[in-house]
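Read the figures in this text as sums done on the coordinates, not as results from a lab. Computed from a predicted model, the values in this text were never measured in an experiment. In this analysis, Cβ positions are derived from the backbone assuming ideal geometry, glycine residues included, and neighbour counts consider all displayed protein chains.
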Amino acid sequence: MKCGIVVFPGSNCDHDCFHILKHVLSQETHWLWHKEEANLESFDLVVLPGGFSYGDYLRAGAIASFSPIMNSIVRFAKAGGKVFGICNGFQVLLESGLLPGTLIQNQSRKFICKNVSVRVENTDTPFTRNCRENQVLEIPIAHHQGSYYIDPFSLNQLEENGQILFRYCDATGKVSAESNPNGSVGSVAGVSNEQKNVMGMMPHPERCADPKLMGTDGQIIFQSLISNS
């Protein structure tokens, strides 16, 4: 699988994603610079990593959504290419209109950095096909503006379309207010577009995908993409 990792000013998880895809999972991986439009036709996957693109000025992900590389990514996504946004990358995809909804400040008004449990809600996507239905994964989060919001009617549409891919839960898979770390509506942790080729999530699977580090629950998302490329 040929992968591209986007680098924005302020990205700080780009090397993590590159390491997992190239060195842990042995995939062909390239850097994509934010200032350059690129021909992405030969790529199978583009990853927008976490961090603080452009210092999160205006809103998290807002300025990055106007970077030249995003013109290429929008074309790539509309042609069916797979795009994966993680944390700040999720924010950029929402700001660019590739995913529905928005991300607002955490309910606690504090930055949250800890491991959380998420439940797989839909296994019929390129990002989750290696997962089991209702499988619970332990994945770290690290964000301040991570509370997902969308209006009730649109949330119901996401549900009906199978676009909610991950929900915050407890270790047993139970979804509740107590297991929701940031106040996301519907406990949403990750969503896709209608075509299921673009996905964004706030948790960081790249931080729990190297066997030498803190577990490998996040690896199953990357393995799903590889096995379905």
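Would you please give the FRET efficiency between Glu133 and Ala177, computed as 1/(1 + (r/R0)^6) with r the Cβ-Cβ distance and R0 = 30 Å, to the nearest 0.05? In this case the efficiency is close to 0.80. Under the convention that each Lys and Arg Cβ holds +1 and each Asp and Glu Cβ holds -1, the size of the dipole of region 1-136 around its Cα centre is about 360 debye.
At full extension, Ser108 and Leu213 could sit 34.9 nm farther apart than now, given 0.36 nm per residue minus the alpha carbon distance. Karplus-derived 3J(HN,Hα) values for region 51-65, using 6.51 cos²θ - 1.76 cosθ + 1.60 with θ = phi - 60°, are x, 9, 4, 6, x, 6, 5, 6, 8, 4, x, 5, 6, 4, 5 Hz; glycine and proline are entered as x.
Packing, taken as the mean count of other beta carbons within 10 Å per residue, orders the peptides 78-91, 32-45 from highest to lowest as 78-91, 32-45. When the square roots of the Cα gyration tensor eigenvalues are ordered a ≥ b ≥ c, the ratio a/c for region 97-229 is 1.5 or more and a/b does not exceed b/c, which makes its shape oblate.
Of the DSSP H helices in the chain, those with a Cα length along their own long axis of 15 Å or more and a mean Kyte-Doolittle hydropathy reaching -0.5 comprise 68-78. Each Lys and Arg contributes +1 and each Asp and Glu -1, all at the Cβ; summed about the Cα centre of the chain, the dipole is approximately 240 debye.
Modelled label positions at Gln195 and Glu159, each set 7 Å beyond Cα in the direction of Cβ, lie 2.7 nm from each other. Counting every other Cβ atom within 10 Å of each residue's Cβ, Thr172, Thr128 order from fewest to most as Thr172, Thr128. Geometric descriptor of the chain, per residue, is 107 Å³ (volume of the convex hull of the Cα atoms).
When only alpha carbons are used to place a centre, region 17-36 and region 45-82 end up 16 Å from one another.
Computed per residue of the chain from DSSP H runs no shorter than four, each worth -39500 (n - 2.57), the mean residue ellipticity at 222 nm is -5000 deg cm²/dmol.
Report, for region 2-227, the % of DSSP beta bridges that are antiparallel, rounded to 5. Here the share of antiparallel DSSP bridges comes out near 55 percent. In region 2-227, taking the dipole from charged Cβ atoms about the Cα centre, the farthest positive-side position among Phe84, Ser53, Asn193 is held by Ser53.
Computed extension length for Asp124-Asp170: 14.3 nm, one decimal, from 0.36 nm per residue of separation with the Cα-Cα distance subtracted. For the chain, a Gaussian network of Cα nodes joined below 10 Å ranks Gly61, Gly146, Gly101 by mean-square fluctuation, and the top entry is Gly101.
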